[in-house]
1. For Ser288, all conditions in the list (1) outside the structural domain of Leu152 (by TED's automatic domain parsing); (2) assigned to a loop (DSSP other than H, G, I, E, B) hold save one; what is the number of the exception?
2. So, in segment 22-55, exactly how many residues are touching a residue at least 60 places away in the same chain (Cβ under 8 Å), surrounded by fewer than 18 Cβ atoms within 10 Å (Cβ to Cβ) and among the basic types (Lys, Arg)?
3. Need pairs with beta-carbon distance below 7 Å; first residue without any contact (Cβ under 8 Å) to a residue 40 or more places away in the chain and within segment 294-313, second within 6 Å of the ligand (Cβ to nearest atom) and outside any loop (DSSP other than H, G, I, E, B); sequence gap 6+ or separate chains.
4. Please report, ordered by residue number, the strands (runs of 3 or more DSSP E) entirely within segment 1-82 with at least 2 residues that are over 20 Å from Ala128 (Cα atoms).
5. Which of the residues belonging to segment 128-161 are among the hydrophobic types (A, V, I, L, M, F, W, C), over 15 Å from Tyr177 (Cβ atoms) and out of contact with any strand residue (DSSP E or B) (no Cβ under 6 Å at 6 or more places or on another chain)?
6. For segment 228-255, name all the residues that are over 19 Å from the mean Cα position of the chain (by Cα) and crowded, with 18+ Cβ neighbours inside 10 Å.
Amino acid sequence: MLPIAVLGAGLAGLSAAQALTAAGRAVRLFDKGRAAGGRLATRRIEHAGQSHRFDHGAQYLRAERAGFAALLEAGGTAPWPDAKRRVPVPGMSALGRHLAQGLDIRTGRHASALHRTAEGWMVAHLDAALVRPGRPMPSTPAELAGPFSAVLVTFPAEQARAILPPELAAPLAPIEYAPCWTVMAAFDRKLDLPDTLRYHGPIGWAARDSAKPGREAAQENWVIQAGPEFSRAQLEAPTEQVIAALLAELPAPAPLFAMAHRWRYSLLEVALGQPCLWDAGLGLGYASDGCLAGRAESAWESGQALAQRVLGA
Ligand SMILES: Cc1cc2nc3c(=O)[nH]c(=O)nc-3n(C[C@H](O)[C@H](O)[C@H](O)COP(=O)(O)OP(=O)(O)OC[C@H]3O[C@@H](n4cnc5c(N)ncnc54)[C@H](O)[C@@H]3O)c2cc1C
């Protein structure tokens, strides 16, 4: 039997790949990032001889059902900021690393096109470092991988629509995400603030990242996420302007350093309304948090649902 290609090694892609592998299917994943995990991300910043880590994507994980709860147990998570919410230790990306174990993942590869041949699907992919969002694709010829019996795409919907044929791209059109500007800042002293803050202004959420279990408690590292209105209005603003605007909202001294990350697809605003898409005739499927709800658990469940559809097909 030909292997299955899973495009995207975020939670949805890793979940589908693990379930298919457990059922005895050969799977190969491709992801444009440097590591698996997608929006469950941890950024390491070196400053003055010290390593500072920030969970700049998802902040905490909550399991409402047994399957995801079991994963959080097995994946080495600890409660934070209360008993109902959990964080992977030593950083959010640890859960992606846990799920990636034993899987065949090609990172740093941007999947650019799918070709259907008599033997099966071929995936065109190229060095992700050469691809710049909003710019024309580089002229470097893409590599071809395959043939695959099926291809499962697990990117946020707008990115997935760029690669899927109209039969699967069209149903994804209603899915919408809000962007999120995120500032990572370190301070030389403890701020007189609680560990987590929820706002309804330019800042949507701020957290003392270094207070999470297993982090560098001697540091004072903060993650400050802008609200959707600010992020939309400032989407193309220079990074320095965004950093200054968000830090001005926080009662804090000048940071040791601050950096920003722009998530174009952050929290889901409009969902597909079904757990996944699967076209058995084409051998193409779609899973992500865009299917049901913008939470890590939903992404994982969408991947599980798609794997079951593939195995049942
Ligand atoms: C700022 C922020 C805060 C959040 N906070 C929380 C929270 O506190 N709790 C919670 O439960 N959820 C939170 N979320 C949502 C949660 O992170 C997502 O629901 C979940 O991680 C989505 O997983 P996914 O696999 O669907 O997508 P992703 O994690 O986005 O995975 C998609 C993968 O596809 C890859 N990819 C995209 N295009 C290509 C391409 N062309 N070729 C190859 N690879 C490609 C990407 O690199 C990525 O790894 C937050 C998200 C953000 C951004």
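1. (1)
2. The qualifying residues number 1.
3. Short answer, once both residue conditions are applied: none.
4. Numbers: elements: 4-7, 27-30, 43-47, 50-54, 77-79.
Of the strands (runs of 3 or more DSSP E) lying wholly inside segment 1-82, those with at least 2 residues that are over 20 Å from Ala128 (Cα atoms) span 43-47, 50-54, 77-79.
5. Ala129, Leu130, Met137
6. Within segment 228-255, Phe230, Gln234, Val242, Ile243, Leu246, Leu247, Leu250, Ala252, Pro255 qualify.
To keep it simple, each residue is scored yes or no on (1) within 16 Å of the ligand (Cβ to nearest atom); (2) not in a strand (DSSP E or B).
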site	(1), (2)
Val123	yes, no
Gly134	yes, yes
Ala145	yes, no
Val151	yes, no
Trp181	yes, no
Met184	yes, no
Leu191	no, yes
Gly201	no, yes
Ala207	yes, no
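The values are calculated or read from the model by the stated rules, or taken from the named source; none is laboratory data. Treat the numbers as computed from the prediction; the structure is a model and nothing was measured. Glycine gets a Cβ as well: all are built from the backbone with ideal geometry, and neighbour counts include every protein chain shown.
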